[in-house]
Amino acid sequence: MIESEKRGISKRAFFSETKHSTLFKTLLTELAHVKFEDFLSGSSLEILYFLFKSPLSRKEIVLHTGLSQKTVQTKLKTLREFGVVFSERGFYRLNERFGLLKDFLLEFRRYLNLKVAQDFAKDATILWQEDEEFLIRTSEPKESKNFFLSSITAFHKYGVQLFLPEYYYYFHSQRKKKLGVEDVVLHALLLDPTDTRVIMSVLLLLEKQKVNGDYLIKESDKYQLSTTVRNLVNYIHTKGKAKPEHFPTWKEYEAKAKEYGL
């Protein structure tokens, strides 16, 4: 949020040039009458972040944030007193007057994600993110809590490896204890859903492993991959007759499946 520099025996502090810091500075300027210091802190930030996305009940807020019911109740009471949050029919929503706060909360979350990612691996690049979950690419293998090897670099664990990836891919989540094969498939498709090699690898993995189809389809919406997943399902069910341009021919798929003993 801020940077500082020494000048002789004194130190000068100023807003950094990060996007979230710039947005916060604008927020303080345009809403100078609001005492943000009285309510804008850790757990309140978590609550506000999820409320700017959609109205939620208290139970849903607890579920999304992981905070205790008592903390959520206390923070909501404070946020309502300051007029930042309204409640209607058991649902809480962000006051539209605080539109700038939405932009700040989103950018601040992205900054925190990037910091976590680069603490894990200095050259980490975030490829996809939602809330505190994100998929990263890095050049070195790593191990750390809440980071799971995923995407095409995890295919070898399931007995499928058509090519050696240039990078390692990891999925960060504080909610999950492990990834299922369905998660790994979706994270692979995130890289490039039009890459024929990736599609071929995914097809082989779907054939080789028992997959929860309902979970795969449901989760595909989160990653905006519902069309790709439907194409995969139709391709398999029609034995290649329903084939998008970037999919392998059914003969190519059968030949490769035979190599894997499928």
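The values are calculated or read from the model by the stated rules, or taken from the named source; none is laboratory data. Every value quoted in this text rests on a predicted model; they were computed, and no experiment measured them. Glycine gets a Cβ as well: all are built from the backbone with ideal geometry, and neighbour counts include every protein chain shown.
Report yes if some residue within the range 65-72 is more than 24 Å from E133 (Cα to Cα) and out of contact with any Leu (no Cβ under 7 Å at 6 or more places or on another chain); otherwise report no.
yes
So, of the residues in the range 8-31 that are within 21 Å of Y49 (Cα to Cα) and aliphatic (A, V, I, L, M), which turns out to be modelled with the highest pLDDT?
Only one residue tops the list, namely L23.
Are there any pairs, at least 6 apart or on different chains, whose C-beta atoms fall under 9 Å, with the first in the range 71-86 and free of Cβ contacts under 8 Å to residues at least 24 places away in the same chain and the second part of a helix (DSSP H, G or I), and if so, which?
Here the result reads Q73/R58; T74/S43; G83/R97; G83/F98; F86/R80, each pair linking the range 71-86 to a residue that is part of a helix (DSSP H, G or I).
Suppose the filter is at pLDDT below 95, surrounded by 15 or more Cβ atoms within 10 Å (Cβ to Cβ) and either assigned by TED's automatic domain parsing to the domain that holds F36 or in a loop (DSSP other than H, G, I, E, B) (or both); does F163 pass it?
No, not satisfied.
Between a residue in the range 233-262 that is on the phi > 0 side of the Ramachandran plot and any residue that is modelled with pLDDT of 90 or more and part of a loop (DSSP other than H, G, I, E, B), which pairs come within a Cβ distance under 9 Å, given they are 6 or more apart or on different chains?
Final answer for the pair search is G240/F247; G240/P248; G240/T249.
Limited to the range 1-32, what total is found for residues that are closer than 17 Å to F104 by Cβ and assigned to a loop (DSSP other than H, G, I, E, B)? Give the derivation first.
First, the residues of the range 1-32 that are closer than 17 Å to F104 by Cβ: 1-2, 15-32.
Those still in the list that are assigned to a loop (DSSP other than H, G, I, E, B) too: 1, 16-18, 31-32.
Qualifying residue count for the region: 6.
How many of the residues in the range 33-46 are assigned to a helix (DSSP H, G or I) and within 18 Å of R110 (Cβ to Cβ)?
First pass over the range 33-46, keeping only residues assigned to a helix (DSSP H, G or I): 36-38, 42-46.
Filter once more, keeping what is within 18 Å of R110 (Cβ to Cβ): 42, 45-46.
Count: 3.
Across the range 45-88, what is the number of residues that are in contact with a Phe, Trp or Tyr (Cβ under 6 Å, 6 or more places away or on another chain) and either among the small types (G, A, S) or not assigned by TED's automatic domain parsing to the domain that holds G99 (or both)?
1
Show me the helices (runs of 4 or more DSSP H) found entirely inside the range 54-150 where at least 3 residues are under 25 Å from H20 (Cβ atoms) and of a type in the set (V, I, T).
Correct list: 69-81.
Any residue in the range 195-207 that's part of a helix (DSSP H, G or I): show its pairings with residues that are of a type in the set (S, T, Y) at Cβ separation under 7 Å, as long as the two are six or more apart or on different chains.
M200/Y253; L203/Y253; L204/Y260; L205/Y158
Please state which one of S54, S44 is under 25 Å from the mean Cα position of the chain (by Cα), more than 21 Å from M1 (Cβ to Cβ) and of a type in the set (G, A, S).
After applying the criteria, what remains is S54.
Out of the range 216-245, which residues are more than 18 Å from A257 (Cα to Cα), in a loop (DSSP other than H, G, I, E, B) and more than 16 Å from the chain's Cα centre (by Cα)?
Of all residues in the range 216-245, those more than 18 Å from A257 (Cα to Cα) come to 216-231, 242, 244-245.
Filter again for in a loop (DSSP other than H, G, I, E, B), leaving 223-225, 242, 244-245.
Listed by number, the residues that qualify are A242, P244, E245.
Of the residues that make up the range 8-23, is at least one of a type in the set (A, V, I, L, M, F, W, C), in contact with a His (Cβ under 7 Å, 6 or more places away or on another chain) and within 17 Å of L101 (Cβ to Cβ)?
No, the range 8-23 contains no residue that is of a type in the set (A, V, I, L, M, F, W, C), in contact with a His (Cβ under 7 Å, 6 or more places away or on another chain) and within 17 Å of L101 (Cβ to Cβ).
Might you check whether a residue that is in contact with a helix residue (DSSP H, G or I) (Cβ under 8 Å, 6 or more places away or on another chain) and within 18 Å of L191 (Cβ to Cβ) occurs anywhere in the range 109-124?
Yes, that holds for at least one residue.
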